[in-house]
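Heads up: the structure comes next, in structure tokens.
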Amino acid sequence: MRHLMSPLDFSVDELERLFNLANDIEKNREKYAHACDGKTLATCFYEPSTRTRLSFEAAMLNLGGNVLGFSDASNSSAAKGESVSDTIRVISCYSDICAMRHPKEGAPMVAATKSLIPVINAGDGGHQHPTQTLTDLLTIRSLKGSLSNYTIGLCGDLKFGRTVHSLIRALLRYEGIKFIFISPEELRIPDYIISELNDKGVEYTEVTSLDEVIGSLDILYMTRVQKERFFNEEDYVRLKDFYILTKEKMSMAKENMMVLHPLPRVNEISVEVDDDPRAAYFKQAQYGVYVRMALILSLLNLAPEVLTQD
């Protein structure tokens, strides 16, 4: 039985096969419409979510399966004090696979050690968000043709952004990747990520100005400043509008640059950018359904050619 706690849980070869399956699903939806008949996905979301939870549910329903779960800790027995370990033991009796989001780092890992079914980390605090990373990688690979030899700018909240941390670590396994980190000093990339980059000899630059680097980027990954990660509202208010991508800024970018965003967007990307053909964030959301469909099939051993079984 395999779980997904981190994008690094899968080898590069396994990811390649997973993405091939996702692209086949994209082209042949009907072929997979009953692949999960009789199977049930549990969505255990201890933290609010729209895109991640609904894309998991859409993925399972598209495969012909069923969905059950809760969308907030207050709607579960966690409100009564039940532990994650006990919850997953019970959920294992009701379902075949579980997607779990939790505000505490490592909670899905704890669940995986006690679970009788595959567990997918759907985001744990500011730590990891592996299925968003799979979505990001699939989007880049599908729209750009490969996952190598790009200059990637990551802009906004690089300190608390779990999507950023997961994506950087996943891209370290591909050749020719250069990073430009664009953030205010207070939200700069964590030291442990910098240490990994230094250990692997990966080229990176840290700047505070988007304008000065946007013209050199192949991919721009925008993030919102997350109010829920701040202890001090004054700091949030001061930093939330630090970077806003506008039509004017886009005029300085390459004609084939791609803009990604894990969503939700607040105001860090102006709505006028939505009509720019380089804006790929809504396509990215659609790819999130395809990759989660491929992941569910793979973890349930319904696509045995994808993952190597232990």
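The values are calculated or read from the model by the stated rules, or taken from the named source; none is laboratory data. A quick note: this is a predicted structure, and the numbers were derived from the prediction, not measured. Reconstructed Cβ throughout: ideal geometry from the backbone, glycine too, with neighbour counts over all protein chains shown. When the accessible area is computed, the model is the full protein with side chains, heavy atoms only, and any ligands, DNA or RNA have been set aside. Shrake-Rupley method; radii C 1.70, N 1.55, O 1.52, S 1.80 Å.
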Practice problem: Output the residues belonging to region 110-157 that are part of a loop (DSSP other than H, G, I, E, B) and at negative phi. | Solution: SER115, LEU116, ILE117, PRO118, GLY126, HIS127, HIS129, SER146, LEU147, SER148, TYR150, ASP157
Practice problem: Sort out which residues of region 162-197 are of a type in the set (Phe, Trp, Tyr) and open to solvent by 40 Å² or more (accessible area, probe 1.4 Å), and write them in order of number. | Solution: TYR192
Practice problem: Sort out which residues of region 262-277 are surrounded by fewer than 15 Cβ atoms within 10 Å (Cβ to Cβ) and either touching a residue at least 12 places away in the same chain (Cβ under 8 Å) or out of contact with any Phe, Trp or Tyr (no Cβ under 8 Å at 6 or more places or on another chain) (or both), and write them in order of number. | Solution: PRO264, VAL266, ASN267, VAL271, GLU272, ASP275, PRO277
Practice problem: Give the residue that is farthest from LEU197 (Cα to Cα), with candidates limited to residues of region 147-157 that are of a type outside the set (S, T, N, Q) and surrounded by fewer than 23 Cβ atoms within 10 Å (Cβ to Cβ). | Solution: LEU147
Quiz prompt | Candidates LEU167, LEU171, LEU197, filtered to the one that is out of contact with any Gly (no Cβ under 7 Å at 6 or more places or on another chain), aliphatic (A, V, I, L, M), assigned by TED's automatic domain parsing to the domain that holds LEU138 and touching a residue at least 40 places away in the same chain (Cβ under 8 Å) | solution = LEU167
Exercise. Only residues that are assigned to a loop (DSSP other than H, G, I, E, B) and within 14 Å of ALA99 (Cβ to Cβ): list them for region 15-49, please.
Key: CYS36, LYS39, TYR46, GLU47, SER49
Quiz item: Quick check: anything in region 240-261 more than 22 Å from the chain's Cα centre (by Cα), modelled with pLDDT of 95 or more, surrounded by 12 or more Cβ atoms within 10 Å (Cβ to Cβ) and hydroxyl-bearing (Ser, Thr, Tyr)?
Solution: no
Practice problem: Give me the pairs, please: first residue somewhere in region 48-72 and in the same structural domain as ILE91 (by TED's automatic domain parsing) and aromatic (Phe, Trp, Tyr), second residue anywhere and open to solvent by less than 60 Å² (accessible area, probe 1.4 Å) and modelled with pLDDT of 95 or more, beta-carbon distance under 6 Å, and either six or more positions apart or on two chains. | Solution: PHE56/THR43; PHE56/ALA99; PHE56/ARG292
Quiz item: Hey, does region 198-205 have a residue that's at pLDDT 95 or above, surrounded by fewer than 23 Cβ atoms within 10 Å (Cβ to Cβ) and closer than 26 Å to GLU248 by Cα?
Solution: yes
Self-check item: Count - residues of region 137-164 that are among the small types (Gly, Ala, Ser) and at pLDDT below 95
Solution: 2
Quiz item: Of all residues in region 27-57, how many are open to solvent by less than 80 Å² (accessible area, probe 1.4 Å), over 24 Å from SER142 (Cα atoms) and acidic (Asp, Glu)?
Solution: 1
Quiz item: So is GLY123 buried (at least 21 other Cβ atoms within 10 Å of the Cβ), under 21 Å from VAL207 (Cα atoms) and either in contact (Cβ under 8 Å) with a residue 60 or more places away in the chain or of a type outside the set (Lys, Arg) (or both) or not?
Solution: no
Exercise. Would you mind finding the one in THR139, THR87, THR133, THR151 that is hydroxyl-bearing (Ser, Thr, Tyr), in contact (Cβ under 8 Å) with a residue 24 or more places away in the chain and in contact with a Pro (Cβ under 6 Å, 6 or more places away or on another chain)?
Key: THR133
Quiz prompt | Members of region 58-89 found to be open to solvent by 20 Å² or more (accessible area, probe 1.4 Å) and modelled with pLDDT of 95 or more, listed by number | solution = ALA58, LEU61, ASN62, GLY64, ASN66, VAL67, LEU68, ARG89
Quiz prompt | Residues satisfying the stated conditions in region 278-298, i.e. among the hydroxyl-bearing types (Ser, Thr, Tyr) and either crowded, with 21+ Cβ neighbours inside 10 Å or in contact with a Cys (Cβ under 7 Å, 6 or more places away or on another chain) (or both) | solution = TYR287, TYR290, SER298
